[in-house]
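Following: one structure in structure tokens, then a few remarks.
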Amino acid sequence: MSNWPINMDQKPEVTGFFDPDTNTISYCVRDPDSNACALYDSVLDFDFASGRTSKKSADALIAHVRAEGLSVDWIIETHVHADHLSAAPYLQEELGGKLGIGGRVIEVQDIFGKIFNAGTEFQRDGSQFDALFEEGDSYKIGGLDAFVLATPGHTPACMAHVIGDAVIVGDTLFMPDGGSARADFPGGDARQLYQSIHKVLSLPETMRMFICHDYGPGGRDIAWETTIGEQRASNIHVKDGVDEEAYVEMRTTRDAQLSMPKLIIPSVQVNMRAGEMPKPDDNGKRYLKVPVDEL
């Protein structure tokens, strides 16, 4: 941790936007000393039964940015999501900013490019994104200093983003009573996930943590902000004292009982393309594939 450029004196303004259809929280992270901001894990609304998209969730982010007079420096995906479609291209068209994701997205593109038989026209080199982050890379949000931690395990390309006294952890961790992410998707690994979680939990205990999904366990109100210390004290899967072997056994057993996310098939096809739909067929229409007996 001593080599990480942590600056707890910087206190970004973090605004969460909850999408009830996918239980996703998107974020606007603002530099309090300027109008600069970054957007994380946006949602494009998608009805799988009809194949129709809408921009309600993304429009809420756009309305906030415009109402506050903000300038978007970055649009960031913490990973290739399997439970919602990204609205990154729409946000970039409306607001500008550079699109970033973890550099191991090329592994995800390779894995799922094969599963969906995406063809040679689908580039598996991450070129759909403006920036591919590696462990320790840094970037600026106005005057805020941000850096990234590689957190593979849920997916190979997962990354946590540390901005001042806040960390955006994606799907690596949920709220303390929600535990941690699954690790059984292609390219996932429970042991890697445990190690990634403990990398995050070695950050300062008072650091604010913002999570990507919440399901209100036990009927409690939806929440998305906690701290490193609260996670270490009470996370039901990885609080202090839970060792790696116990975690791997729990995670593997639990994952075997979970069904696939209802939007994994459209989500991954779109998100591995940085939020773009597949190219149109010769009739000018776009189609998503459903691989049979693959997931």
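Some notes on this structure:
- One residue stands out among those in the range 181-215 that are basic (Lys, Arg) and over 14 Å from the mean Cα position of the chain (by Cα): the one that is farthest from MET250 (Cα to Cα), which is ARG208.
- Within the range 244-283, considering residues that are more than 15 Å from HIS81 (Cα to Cα) and basic (Lys, Arg), the one nearest to the chain's Cα centre (by Cα): ARG251
- Test result for PRO280, without any contact (Cβ under 8 Å) to a residue 40 or more places away in the chain and out of contact with any Cys (no Cβ under 9 Å at 6 or more places or on another chain): yes
- Some residue of the range 234-246 being free of Cβ contacts under 8 Å to residues at least 40 places away in the same chain, on the phi < 0 side of the Ramachandran plot and among the hydrophobic types (A, V, I, L, M, F, W, C): yes
- In the range 79-104, the residues that are of a type in the set (A, V, I, L, M, F, W, C) and within 20 Å of PRO261 (Cβ to Cβ): VAL80, ALA82, LEU85, ALA87, ALA88, ILE101
- Search result, residues across the range 50-91 that are of a type in the set (S, T, N, Q) and touching a strand residue (DSSP E or B) at 6+ places or on another chain (Cβ under 9 Å): THR53, SER54, SER57, SER71, THR78, SER86
- The requirement of being surrounded by fewer than 24 Cβ atoms within 10 Å (Cβ to Cβ), part of a strand (DSSP E or B) and of a type in the set (A, V, I, L, M, F, W, C) is not satisfied by LEU39.
- Test: residue in the range 124-131 that is over 15 Å from CYS212 (Cβ atoms), outside any loop (DSSP other than H, G, I, E, B) and within 17 Å of the chain's Cα centre (by Cα): yes
- Restricting the range 150-206 to residues that are of a type in the set (D, E, K, R) and surrounded by fewer than 23 Cβ atoms within 10 Å (Cβ to Cβ) leaves a set whose member that is farthest from ALA256 (Cα to Cα) is ASP165.
- Out of GLU94, GLU107, GLU121, GLU134, one residue alone is at pLDDT 95 or above, surrounded by fewer than 20 Cβ atoms within 10 Å (Cβ to Cβ) and over 22 Å from ALA38 (Cβ atoms). It is GLU107.
- Output for the range 250-295, where each listed residue is out of contact with any Pro (no Cβ under 7 Å at 6 or more places or on another chain), under 30 Å from GLY97 (Cα atoms) and outside any loop (DSSP other than H, G, I, E, B): ILE264, ILE265, PRO266, SER267, VAL268, VAL270, ASN271
- Condition check for GLU230: surrounded by 13 or more Cβ atoms within 10 Å (Cβ to Cβ), acidic (Asp, Glu) and either farther than 30 Å from ASP165 by Cβ or in contact with a Pro (Cβ under 6 Å, 6 or more places away or on another chain) (or both): yes
- Tallying residues that are farther than 25 Å from GLY113 by Cα, in a strand (DSSP E or B) and either touching a Lys or Arg at 6+ places or on another chain (Cβ under 9 Å) or free of Cβ contacts under 8 Å to residues at least 60 places away in the same chain (or both) within the range 142-198 yields 7.
- Beta carbons closer than 7 Å, at least 6 apart along the sequence or on distinct chains, pair a first residue in the range 103-126 that is closer than 14 Å to PRO278 by Cα and free of Cβ contacts under 8 Å to residues at least 60 places away in the same chain with a second that is charged (D, E, K, R) and outside any loop (DSSP other than H, G, I, E, B) for ARG124/ASP110.
- Among the residues of the range 240-249, the ones that are of a type outside the set (Asp, Glu) and part of a loop (DSSP other than H, G, I, E, B) come to 2 in all.
The values are calculated or read from the model by the stated rules, or taken from the named source; none is laboratory data. Everything numeric in this text was worked out from a predicted model, so none of it was measured. Backbone-built Cβ (ideal geometry, glycine too); neighbour counts: all protein chains shown.
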